[in-house]
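Note sheet for the following structure.
The values are calculated or read from the model by the stated rules, or taken from the named source; none is laboratory data. Because the structure is a prediction, the values reported are computed rather than measured. Here the Cβ positions follow ideal geometry from the backbone for every residue, glycine too, while neighbour counts run over all protein chains shown. All accessible areas refer to the heavy atoms of the entire protein, side chains included, with ligands and DNA or RNA removed. Shrake-Rupley method; radii C 1.70, N 1.55, O 1.52, S 1.80 Å.
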Amino acid sequence: MLVHLQGPWNPLLGRLTLQQIPYENPILLGTFIFAAILGVIVLGATTRYGKWGYVWREWLTTVDHKKIGVMYCLVGLVMLFRGFIDALMIRTQQAIAIGPNSPGALGAVHGYLTPFHVGQIYTAHGLIMVVFAATPLLVGIMNIIVPLQIGARDMAYPYLNALGLWLTTAGGALVMLSLFVGNFAHGGWYGFVPYFELPYSPGVGVDYWMWAFQLSVLGTTMGSINLIATIVKMRAPGMTWMRMPIFTWASLSTNLIALTSFPVLMVALGLLGMDRYLGTHFYTAGMGGNLMLYNDLFWIWGHPEVYFLILPAFGMMSEIIPTFSEKTLFGYATMVIASFAIGGVSWGVWLHHFFTMAAAPNVNSFYSITTMLVGIPTGVKVFNWIFTMYRGRVRYELPMLWALLALFLLLVGGMTGMMNAFASNDYMWHNGLFVVAHFHMMVLLIAASVFGAVEYWFPKVFGFKLEQKWGKWFFWFMVLGTGWVFVPMFFLGMAGMTRRLDYIPYTQWAPYLHITLVGMAFYVVAVLFFVAHLYVSLRDREKNRVGADAWGTSRNLEWMTHSPVPAYNFAFIPHVNARDEWAWRKENGIAELHAGDYEDIHMPKNTGIPLFLGLLSMGLAFALVWRIWWLALLCLVLMVALIIIRSFDRDTDTTIPAREVERVERAARDGSSGSVPPAGVLGDAVIATSTVRSGSGGIGGNTTSPRPSWAPRNR
Amino acid sequence: MFIKNKRSKTWPRLVLPLALLTLGGCSRSGLFLLEPEGLISQTFYHYFMLDVGIMLLIIIPTVVLTIWAMWRYRKGGNGSYHPQWSHSYAIEAVVWGIPLLTVGVLSYLSVKAIYDVNPYNPGVIAKAQQAAGGDPVEVDVIATDWRWLFIYPQQHIASVDELVVPVGTPVRFRLTSTSVVNDFIIPQLVGMIDVMPGMRTKQALVADKAGTYVGYSADYSGAGLSWMHFQTKAVSPAQFEQWVQSAQQSPQHLSYAGFNRFARPYIAVGGDQQIFGQVQPDLFDQVVGEVMRGKVWPTPMAMTENMVNYMKKQRAEQKAGDY
Ligand code: HEM
Ligand SMILES: [Cu+2]
Ligand SMILES: [Cu+2]
C-alpha cells in the first residue's frame, strides 16, 4: 500500500468489512427494503411472464439506436427519481435544523441527519442530477432522434453506442450501490481539494464518487464521438449542412463540446486518483502540490459541461416551438451561429466558478467579460423563439407548454447568470443560495425541455400519444413547485445563506426555508401526477394511436417514417430537397411514402459484449473502491480479453430481407398503424428479423464493404 | 483616520421592492446582502442595484413581448398568419444589437466594480484612506478545522471565533488555512475571499456602523462547517483600545506548539470563543510554511463515518452556547 489508510485492510476483501453495511441506519434500511421489493417485483414479473428471452434479445443486447436511446432515458428517469428523493431530504433537514433550539433525532444534533449524512446526500444529488439524470436523458433523446432527422438507419458505430450506454449505467449503479455498501463522497458534487484527499476524506465515499464519475465520462465521450461521426458522415443524400434540422445542429455543437472537454475531466479525476491511490501530491496543500490546479481542470470541463447540457435543450425548444406555432423557425442561420458561439465562448469562462480565489483584478475582469458574452447568443436565441411565435398560430399542447416554461426559466436563469458574471456580485454570494437558485433555473429549463421533448417525440418512438389531462396537472404542479422552491431561494441568496449547510444558525431565515418545503410538497404531488400520466397513457394507448406525422404540423424528416419507427428507420433512404424537408413535401403534395421495390436492408447485429463490458467495468470500479486488488486485476483482464475477442468477430452485420421490409411497410400503411412491429416496448411481435442471417451478397459474413447500408450512401 | 462613507444608501433601497420585505431593523430580516454596513459591501450594493436595474430594463420588455406574442398569435386569435415568414434583417439587427449593447455597458461597470472592491487593494478603501490618512488595523486569519483564529500581530493578541474591529478604520487581513479551503465572508461588511492551506490571501474592510455582524465560511470544509461561524464586533476606536488592553491581560498564551494542538479537528457545536493574551510573533508565517512543507491535521474516521457518537460527545462536553 503506497498510502496510509485509516481502518483495516485485508488482501481478500480489501477495506470491506461488515461494519460497512449501514444496517443500523433506519433511513438506509428503509431504502434498501424499498429497492429490494421493487427489484423482486420487476425480476419476478419478467420471469413469470417468460420475458427473459425478449429482454435479452430486444433490449440488453440491442445495438438499435432507438432502443439504446429509450434505455438511456429509463436510466435517466430512475436516477432523476433518486435525485429527487435526495432533494426532498435536504430540504426537510434544512427546514427543521434552524437555530440552536431546533430538535434533533436519529443521532443528529439538529434535524434528523448528521453532517456526514447530509454531505453524502447533496453530493449524490448534484452528481446524479447532472451526470446520471440530465446527461442520459439528453443523450438518449439525441440517440433516438438524430439518426431519424438525418435519414440514417443507425448510428455510425452501433456497438460503441451500446458500450456507452452500459458504461454510463454502470456508473449510475455504482452510485446506487454506495447507499448499501459503504458510503458516498460528502463534500459536493464537483469535488474539493484538498478536502477529497485521503487525510480529510479517509473513507471510500470519494472513491465511489470518483470511479462512478469516470465511468460516465468514458460513456459520454464515446457517445459524443458517435454522434459527431453520425452527423458528419451519415446524412441522407441532399441534406447539406444548411438543410440540417436545428436539433441536429444543436447535437453537433454539444457533442463537439463533450468530445473536447470530457477528457480534461478524466485527467482531473485521474490525478486525484493518483493522489489517493499512489500517494502522489498533485492537489495536496504541501509537498509541492497545487490545489488550484484541480479547480482549473475541473471547471475547464465543468463550464462547457453546463452548455453540453443546455444546447440540446435549446435544440428541443427549437423543434417544438415551430411545430406548435405552425410556422418556420425564425432566423435559422442565426440559431446555428448562436449555438456555435455559445459552444465556443463556453471554453473561455471557467474561472467564473472561482472568482473569489484571489486572482488579480485584471484576470477576474477578463473572465467576467467573457462570461457576459455568452449572454449575447443566448439572448438572440430567446428573441428568435419569440419571433417564431410572432405571425404564427400557436397551439398550447403539452410539448409547447413545456417549451414555453423552459423559455421563461431561461429568462430568469439567464438574468441571474449575468448577475453572477458581474464579479463584484459574485464575491458576495459565490457558494451561496443565489448561485444555487440560478443554476436550478437552468437545470429545470433542461428538465422542462426534456419533458417537452418526451411528449413531443413519444408518439414517434412508441406509436401513440401520451394523454393530456394528467400531463397538464403534472405540468402545472411542476410550475408551482418551481416557484415555491426557488423564489424563496433567491431571497435566501440575498440573505447570504451559503450552500451545503446541515444546520442553519440564523432563525431569521426560517420563513424562507419553510416556504421552500411547501414547494417540495407541490413537487411530490407533481411526481404522483406524472405516474398517473404514464399509467393512463399506457392504459389508453389504443385510443391514442397516431400515424407518421403525429402532430400534423411537424417539419423534419423523422416524421416521414412510420410511428413507431421500424427497426431500419426508413425503407428507402429519403432524398432531401429542402430545409424542413417534411414540411416541404407536405406543401408540395408529395408526402406519400414511397412504396414498391423493396430491397434487403443490412443492419448491425445484436451483441452482448457491451453489456458484459459494462458489468465488468462496474466490478473493476467496485474492486478499486474497496482496494480489492485481485478482483480489480481479474475484471481488467477479462475486459481486455473481451475487447480482443470482439475485434476478431467479423460477423457483425445482419440483413432484413426485402419481403420482410415489405410486410412491415404494408402493415404500417394499412391504416392500423398499431400492428406495426414496433421498436418500442409494447409489442411482442418484435422484429425477429434482426437475427436473420445474411443470405446473399451484401455486407454480412466475410464480405468487406466500406459502408454498411444503415448508412445513407453519397450525398 | 476616521473614514466616513459618502455613498448614498437610501435611494437604491427604494428601487428594490425586495426591501419592502425586510420590515424593520437590520439584523431582524436576516437579508444580510441588502443591509450593507461597510464600505466594501455598500460598494457592492451600489453596483448590484445598477446591474439589476439594467438587466430588468431588458428582461421586463422581453417578458412582455413573449406574453404578447403568445396571446396575440394563439391559434384562433386575431394575429395574422404568415407561415413562411422567417427572416428580417431589421429584426436580426435588433436582436443582436440589444444584447451586445447591454453586455457592453455591464462589462464596463463590472470591471470598474472589480477594481473598486479588489480584495488585495480595494479602490474605494485606498481612496478613502488617502483622504483620511492614518494606519490600518492588521489581522491575520487562520482557518482550522473548524474554527477561526484571529491574530492581531500589532497588538500580539489573538481571539477565537470572535473578531473585533474599530469603526471607520480600514482593517487589512492576511488569511490562510491549516487544512482545506474555506471562504471568509462577513456579508454585511465584506465579500468572500478564499482561505487556502499553504497559501496567503488578503482582504480589507471598513465598518461604517457599530454593531455585531455575523461571519462564516462559505466553502465546504467538512463536518464542522455549519458551526464555523464567528461574530464581528464593530466598536468605536476607543472601545477597541479598551478591548485590546483587556485581551492583553488574558493569561492564555499561544505558541506554535499550542497552535498545533488547537488546530486538530474540532466542531464548535456550542460556540468556542477564547482570547489569547500573548501570541508568538510570526505564528501566521510559520503556519503557512509548515503546511507548505506537508504538515497536515488529518480528520479521524471517527469524525466522519461515526459522526453520531462524535456529535453526542461533543455536545455533552460543551455548554450550550447561543449564537
Ligand atoms: C447566460 C448564461 C450563463 C451565465 C452568464 C452563467 C454564469 C454563471 C456563473 C458566473 C456561475 C458561478 C457562480 C458561482 O459559483 O459563484 C455559474 C454557476 C453555475 N451555472 Fe451558470 N451561467 C449561465 C448559464 C448556465 C447554464 C446554461 C447552466 C446549466 C445548464 C448553468 C449552470 C450552472 C451551474 C451548475 C453552476 C454552479 C456549479 C456549482 O457551483 O455547483 N449556467 N453560472
Ligand atoms: Cu460556468
Ligand atoms: Cu490559492
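A few remarks follow.
- Condition check for A:V306: assigned to a helix (DSSP H, G or I), within 16 Å of ligand 2 (Cβ to nearest atom) and over 19 Å from the mean Cα position of the chain (by Cα): no
- For the range A:279-327, the set of residues classified as away from ligand 1 (no atom under 12 Å from the Cβ), within 14 Å of A:F196 (Cα to Cα) and polar (S, T, N, Q) consists of A:T280, A:T284, A:N290, listed by residue number.
- Only one of A:G172, A:G191, A:G205 that is open to solvent by less than 10 Å² (accessible area, probe 1.4 Å) and under 17 Å from the mean Cα position of the chain (by Cα): A:G172
- Residues satisfying the stated conditions in the range A:440-465, i.e. open to solvent by 20 Å² or more (accessible area, probe 1.4 Å) and within 27 Å of A:T248 (Cβ to Cβ): A:M442, A:V443, A:L444, A:A447, A:F451, A:V454, A:F458, A:F462, A:K465
- Flag if A:F213 is open to solvent by less than 20 Å² (accessible area, probe 1.4 Å) and under 20 Å from the mean Cα position of the chain (by Cα): yes
- Residue that is open to solvent by less than 50 Å² (accessible area, probe 1.4 Å) and either outside the structural domain of B:V165 (by TED's automatic domain parsing) or modelled with pLDDT of 95 or more (or both), where the choices are B:I3, B:I60: B:I3
- Among the residues listed as A:V306, A:V345, A:V349, the single one being under 13 Å from A:P377 (Cα atoms) and in contact (Cβ under 8 Å) with a residue 24 or more places away in the chain: A:V345
Residue by residue, here is whether (1) assigned by TED's automatic domain parsing to the domain that holds B:S250; (2) surrounded by fewer than 18 Cβ atoms within 10 Å (Cβ to Cβ); (3) assigned to a strand (DSSP E or B) holds:
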| position | (1), (2), (3) |
| --- | --- |
| B:Y108 | no, yes, no |
| B:A113 | no, no, no |
| B:D145 | yes, no, no |
| B:I151 | yes, no, yes |
| B:S159 | yes, no, yes |
| B:V164 | yes, no, yes |
| B:T169 | yes, no, no |
| B:T176 | yes, no, yes |
| B:F184 | yes, no, yes |
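For (1) part of a helix (DSSP H, G or I); (2) within 14 Å of chain B (Cβ to nearest Cβ), each residue gets a yes or a no:
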| residue | (1), (2) |
| --- | --- |
| A:P511 | yes, yes |
| A:T516 | yes, no |
| A:A521 | yes, no |
| A:V524 | yes, no |
| A:L528 | yes, no |
| A:H533 | yes, no |
| A:K543 | yes, no |
| A:R555 | no, yes |
| A:P566 | no, no |
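- A:V374 being away from ligand 3 (no atom under 16 Å from the Cβ), of a type outside the set (G, A, S), assigned by TED's automatic domain parsing to the domain that holds A:M441 and at pLDDT below 95: yes
- Residue within the range B:73-95 that is open to solvent by less than 70 Å² (accessible area, probe 1.4 Å), more than 9 Å from chain A (Cβ to nearest Cβ), closer than 20 Å to A:I369 by Cα and not in a strand (DSSP E or B) present: no
- Checking each residue in the range A:352-391 for being more than 10 Å from ligand 1 (Cβ to nearest atom), in contact (Cβ under 8 Å) with a residue 12 or more places away in the chain, at the interface with another protein chain (Cβ under 7 Å from one of its Cβ atoms) and over 30 Å from B:K75 (Cα atoms) picks out A:M357, A:N364, A:S365.
- The lone exception for A:L351 - which of (1) surrounded by fewer than 23 Cβ atoms within 10 Å (Cβ to Cβ); (2) away from ligand 3 (no atom under 16 Å from the Cβ); (3) not basic (K, R) it fails: (2)
- Here is the figure for the range A:273-301: residues that are more than 14 Å from every other protein chain (Cβ to nearest Cβ) and more than 16 Å from ligand 3 (Cβ to nearest atom) total 6.
- Meets criteria (within 20 Å of B:F32 (Cα to Cα), in contact (Cβ under 8 Å) with a residue 12 or more places away in the chain, part of a helix (DSSP H, G or I) and more than 16 Å from ligand 2 (Cβ to nearest atom)) for A:P459: no
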